[in-house]
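The values are calculated or read from the model by the stated rules, or taken from the named source; none is laboratory data. Everything numeric here is computed off the predicted structure, so don't read it as measured data. Because the Cβ atoms are built from the backbone with ideal geometry, glycine has one as well, and the counts that use them run over all protein chains shown. We work out accessible area using only protein heavy atoms, side chains counted, and drop any ligands, DNA or RNA first. Shrake-Rupley method; radii C 1.70, N 1.55, O 1.52, S 1.80 Å.
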Amino acid sequence: AAGFVGNDGGIFVTGRDAAGKRATWLTDIAGAAPRRLPLPEGYILMQNTFSPDGGRFVTSCPEKGLSCLYDTGTGDSAPVRGAQKGWWPVGWDARGRLYFRDRSKRLPETLWRVDPATGRSTSMAELAPRDRAGVIAVMGVLVAADGEAWTYNVMRRLSELHVVTGVK
C-alpha cells in the first residue's frame with residue numbers, strides 16, 4: 001500500500017523491512033530518508049487514513065478494539081471520540097472530519113461521519129447496491145474532500161444452477 005500524506009509531497013509506503021516483517025514508512029517523492037511510521041508492534045497501514053495536514057492518522061487501537069488517532073511524529077494515540085467497535089476508518093475530509101464504515105453487520109454497511117473534536121457521529125449512507133443478489137462484501141470506500149460524495153465497490157458472486165435428472 002502507498003499514498004500521499006498531506007499537501008507537502010509526503011508519501012506513506014507499506015512493505016517489508018530487512019527482516020521480512022511488514023512495516024509502514026514515511027518518505028517524500030524523491031524517496032529520501034524514509035522513517036518508520038510510529039505504529040504499535042505488528043501494525044501497518046493498508047489505506048490512507050492521514051489527516052489533511054498529515055499530522056495525524058487513524059488506525060485500530062490494539063488494547064481497546066476501537067479506532068485511535070495517532071500523532072504522525074510521536075506515535076502518541078487516543079481513541080477517536082464517537083467511533084464505535086466494528087467501525088473501520090475510511091479517511092478524512094478537508095474540514096477535518098473522519099469517515100468510518102460500520103462493519104458490525106454484513107450488509108448493508110453504514111457510512112458514518114465523526115467530528116473528532118466533539119465526538120458527534122452522523123450516519124451518512126447505507127453502503128450496498130439496490131440489487132444485492134450475490135453481493136459478498138463492500139470494498140474500497142472513498143469519500144470526496146468536501147465530504148458530500150462517496151463511492152464504493154462491491155464484490156459479487158453470481159452463478160447458475162443446472163439441474164440434471166435421469167442420470168444413471
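For residue 45, state whether it is within 15 Å of the chain's Cα centre (by Cα) and surrounded by 11 or more Cβ atoms within 10 Å (Cβ to Cβ). Criteria met by residue 45. Within the option set 62, 52, being in contact with a Phe, Trp or Tyr (Cβ under 9 Å, 6 or more places away or on another chain), part of a loop (DSSP other than H, G, I, E, B) and open to solvent by less than 60 Å² (accessible area, probe 1.4 Å) holds for one residue only, 52. Residue 112: open to solvent by less than 80 Å² (accessible area, probe 1.4 Å) and free of Cβ contacts under 8 Å to residues at least 40 places away in the same chain, yes or no? Yes. Of these, 118, 74, 122, which one is modelled with pLDDT of 95 or more, open to solvent by 20 Å² or more (accessible area, probe 1.4 Å) and either in contact with a helix residue (DSSP H, G or I) (Cβ under 6 Å, 6 or more places away or on another chain) or in a loop (DSSP other than H, G, I, E, B) (or both)? Answer to the check: 118.
Among the residues of this structure, residue 101 does not count as one that is under 30 Å from residue 129 (Cα atoms), of a type outside the set (Gly, Ala, Ser), free of Cβ contacts under 8 Å to residues at least 60 places away in the same chain and part of a loop (DSSP other than H, G, I, E, B). Please find, within the stretch 129-154, the residue that is most open to solvent (accessible area, probe 1.4 Å) out of those that are more than 17 Å from the chain's Cα centre (by Cα), touching a residue at least 12 places away in the same chain (Cβ under 8 Å) and within 30 Å of residue 49 (Cβ to Cβ). By that ranking, first place goes to 132.
Filter the stretch 77-107 down to the residues that are under 19 Å from residue 8 (Cα atoms) and open to solvent by less than 50 Å² (accessible area, probe 1.4 Å), then identify the one that is nearest to the chain's Cα centre (by Cα). Among them, the one singled out is 91. A single member of 72, 27 is of a type in the set (S, T, N, Q) and touching a Gly at 6+ places or on another chain (Cβ under 6 Å), and it is 72. Evaluation of residue 7 against the conditions (1) more than 19 Å from residue 68 (Cα to Cα); (2) surrounded by 10 or more Cβ atoms within 10 Å (Cβ to Cβ); (3) more than 17 Å from the chain's Cα centre (by Cα) shows that the sole unmet condition is (2).
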